[in-house]
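Below is one structure, written out as structure tokens; comments come after it.
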């Protein structure tokens, strides 16, 4: 069971809802919407506005899943704060995925504006899910201003590159043993998701890899199983890699033939 801001989620797969061409694509029999307990929504520009946006939000509301609005497209703390407040009114939740973009090409977060926005939003009762880098100092700053979850990227948004810096992600897990860590951005394949879960991460948030798949519901299922496998492997205690061979068959007591 995954606990985020005192809410219990049964799934460690968090799904975004953007880039689907129609409701029929993500919602065959309720899947992949039912695959995760938490779903990200652009806010508030694509929230309830328009026929499709309103219908999609209504579907998610009926399924009684947690909604995580975001501040995608914001480039300053003030813009992100205003968007977060609008999202709280539109979606009726204190949860907010905080994005403050600092670089147009890489969509890397502006960590200075991010920390400032997080400080103000946390002080106003928001449950902030900050999209950040794998920088430990930035992580410490975000926790110090009140964030109880961290969401580092593993690669640029939409790149599908997978974990580019495994050592940094592992270091972040070691530095924040009691903070839920959710990989956000850069996941392209189920194997990528399994890998970060093997690092000890608590969940994965993804969108594009499922939304643009040939069969989104099937891809969501594949990611869900990969995440479960990675989590189980981490908890089971994996064999550490070695530089030299280690025989798996004991030689003690083996007969010696002249």
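Key figures
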{"quantity": "Single unsatisfied condition, residue 194 versus (1) crowded, with 24+ Cβ neighbours inside 10 Å; (2) closer than 15 Å to residue 163 by Cα; (3) in contact with a helix residue (DSSP H, G or I) (Cβ under 6 Å, 6 or more places away or on another chain)", "calculated": "(1)"}
{"quantity": "Long-range neighbours under 8 Å by Cβ, at least six apart or interchain, first residue under 11 Å from residue 120 (Cβ atoms) within region 78-94, second at pLDDT below 90", "calculated": "84/43"}
{"quantity": "Where residue 236 falls short, out of the listed (1) closer than 27 Å to residue 136 by Cα; (2) at pLDDT below 95; (3) loosely packed, with under 14 Cβ neighbours inside 10 Å", "calculated": "(2)"}
{"quantity": "Subset of region 197-216 [assigned to a helix (DSSP H, G or I), touching a helix residue (DSSP H, G or I) at 6+ places or on another chain (Cβ under 8 Å) and at pLDDT below 95]", "calculated": "209, 210, 216"}
{"quantity": "Residue 67 part of a strand (DSSP E or B), closer than 20 Å to residue 185 by Cβ, within 17 Å of the chain's Cα centre (by Cα) and at pLDDT 95 or above", "calculated": "no"}
{"quantity": "Condition met for residue 225 (touching a helix residue (DSSP H, G or I) at 6+ places or on another chain (Cβ under 9 Å) and either over 21 Å from residue 66 (Cβ atoms) or part of a helix (DSSP H, G or I) (or both))", "calculated": "yes"}
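The values are calculated or read from the model by the stated rules, or taken from the named source; none is laboratory data. Keep in mind that what you see is a predicted model, and the values were worked out from it rather than measured. Backbone-built Cβ (ideal geometry, glycine too); neighbour counts: all protein chains shown.
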